[in-house]
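The structure appears below as structure tokens.
Values in this text are rule-based calculations from the coordinates and carry no lab data. Not measured: the values here are computed from a predicted model. When we count neighbours, we look across all protein chains shown, and the Cβ atoms used for this are built from the backbone with ideal geometry, even at glycine.
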Number of protein chains: 2
Amino acid sequence: MKFPVVNIQLPGWVEGFLKGRGELFASVEDRMQLVIDLAQQNIEQETGGPFGAAVFDQEGRLIAPGVNMVSESNCSVLHAEIVALIMAQNILDRYDIGNGGILQYDLAASTEPCAMCFGSIPWSGVSRLLCGARDEDARSVGFDEGPKLANWEAELRSRGIYVRRDVLREEAVKVLRQYAADGGPIYNSGAQKGPFQ
Amino acid sequence: MKFPVVNIQLPGWVEGFLKGRGELFASVEDRMQLVIDLAQQNIEQETGGPFGAAVFDQEGRLIAPGVNMVSESNCSVLHAEIVALIMAQNILDRYDIGNGGILQYDLAASTEPCAMCFGSIPWSGVSRLLCGARDEDARSVGFDEGPKLANWEAELRSRGIYVRRDVLREEAVKVLRQYAADGGPIYNSGAQKGPFQ
């Protein structure tokens, strides 16, 4: 049997989109605005769902962006947060980007992470998670956040990962609502029915 | 800014290792034996942690294997289950491998999934999860399974995903114990310390 080389690459529009925005995003709101804009652009460019994410260093330097690429790449793993982490770890050349807690990085996500992305955070080495829209905002337009711990925020904090919620929440929610209003496809785990034993 | 193309590719030994084993793994024990052997081989070849996984179709045809490639690829996302799902979705050319519940696939994992891999399963379109070693077996040798729902099995079942635990558990545990006894590196989320705000 032969197995493929799977190439993970950001959509072609991302580099052009980032041009002229600078590389420094000083405030948490600056960082969130970027990932909300990535989510918005991902809809307009029709390259995936309405979700953006990015990894920033402590000063706010953009290390790597991510957008939802599930349908574009036929890969259910490629949520925006996962794409940003894969890119950041590749660029920094280490799987623990915090390098044992010495260095501090933010993961910004335009919507609070689903069960998978939540679970990926403790392995990644990020030290802070910035969130825009809430779980319930995603659910209210039909997205499924998956089977997630009710106390997910406390679980991250107990592992030394600080969580800041509701950063530009209203703006982040607007992107979700617009996507739903425009009839964008909403895939979720409800697609799986009828277990076999 | 320029961003990389990240290539995800199974370790070079995998294709040779699979030669001569056939492509059909009829029983759940056959499927589990394969992923335990992948875990074992991943240690011997020094390409990652002691974890193997694979996707099989309903008849037991191997679609794609996976092994833990975190250290090899400098990517914290590349647990064995995630690698197998990425490969299977690429090969089948769809992000929902079950195609809306029409087709049934197994994901076999030599150890019960961590929080991230658990969260990835409902998005993947697999209809059954086969597990070898238990969470507590992994924890007993020092691995961290992450912040995972206590009722994770019930959560999968409620989404139509059947879970079969303890398939060749003793054999699966042996690989974990051997890895730990040999002093294999055990990375976990304890590496992250000291949140910043």
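Summary table
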{"item": "From A:Ile102, A:Ile121, residue being β-branched (Val, Ile, Thr), buried (at least 22 other Cβ atoms within 10 Å of the Cβ) and within 30 Å of B:Lys2 (Cβ to Cβ)", "result": "A:Ile121"}
{"item": "A:Glu155 among the acidic types (Asp, Glu), within 7 Å of another protein chain (Cβ to nearest Cβ), within 22 Å of B:Gly146 (Cβ to Cβ) and surrounded by fewer than 24 Cβ atoms within 10 Å (Cβ to Cβ)", "result": "yes"}
{"item": "Boolean, B:Arg31 is away from every other protein chain (no Cβ under 11 Å), in contact (Cβ under 8 Å) with a residue 12 or more places away in the chain and among the basic types (Lys, Arg)", "result": "yes"}
{"item": "Sole residue being within 12 Å of chain A (Cβ to nearest Cβ), more than 19 Å from A:Ile8 (Cβ to Cβ) and either without any contact (Cβ under 8 Å) to a residue 12 or more places away in the chain or surrounded by fewer than 21 Cβ atoms within 10 Å (Cβ to Cβ) (or both), chosen from B:Glu72, B:Glu59, B:Glu46", "result": "B:Glu59"}
{"item": "Matching residues in segment B:7-28 - criterion: being under 20 Å from B:Leu130 (Cβ atoms) and more than 11 Å from chain A (Cβ to nearest Cβ)", "result": "B:Leu24, B:Phe25, B:Ala26, B:Ser27"}
{"item": "In segment B:148-161, the residues that are free of Cβ contacts under 8 Å to residues at least 40 places away in the same chain and in a loop (DSSP other than H, G, I, E, B)", "result": "B:Lys148, B:Leu149, B:Ala150, B:Asn151, B:Arg159"}
{"item": "Complete set of residues in segment B:115-147 that are part of a loop (DSSP other than H, G, I, E, B) and more than 7 Å from chain A (Cβ to nearest Cβ)", "result": "B:Val126, B:Arg134, B:Val141, B:Gly142, B:Phe143, B:Asp144, B:Glu145"}
{"item": "Residue list for segment B:92-114, filter: more than 7 Å from every other protein chain (Cβ to nearest Cβ) and farther than 13 Å from B:Gln58 by Cα", "result": "B:Leu92, B:Asn99, B:Ala109, B:Ser110, B:Thr111, B:Glu112, B:Pro113"}
{"item": "Any hit, segment B:167-187, residues being part of a helix (DSSP H, G or I), facing another protein chain (nearest Cβ under 8 Å) and either of a type outside the set (Asp, Glu) or closer than 26 Å to A:Lys2 by Cα (or both)", "result": "no"}
{"item": "Residues that are aliphatic (A, V, I, L, M) and buried (at least 19 other Cβ atoms within 10 Å of the Cβ), drawn from segment A:7-36", "result": "A:Ile8, A:Leu10, A:Val14, A:Leu18, A:Met32, A:Leu34, A:Val35, A:Ile36"}
{"item": "Filter result for the condition that a residue is in contact with a strand residue (DSSP E or B) (Cβ under 7 Å, 6 or more places away or on another chain) and either of a type in the set (Lys, Arg) or free of Cβ contacts under 8 Å to residues at least 12 places away in the same chain (or both), over B:Arg134, B:Arg164", "result": "B:Arg164"}
{"item": "Which listed residue is out of contact with any Leu (no Cβ under 7 Å at 6 or more places or on another chain), facing another protein chain (nearest Cβ under 7 Å) and crowded, with 17+ Cβ neighbours inside 10 Å, from A:Ala39, A:Ala80, A:Ala64", "result": "A:Ala64"}
{"item": "Filter pass, B:Ser120 being in contact (Cβ under 8 Å) with a residue 60 or more places away in the chain, within 13 Å of B:Ala84 (Cα to Cα) and within 12 Å of the chain's Cα centre (by Cα)", "result": "no"}
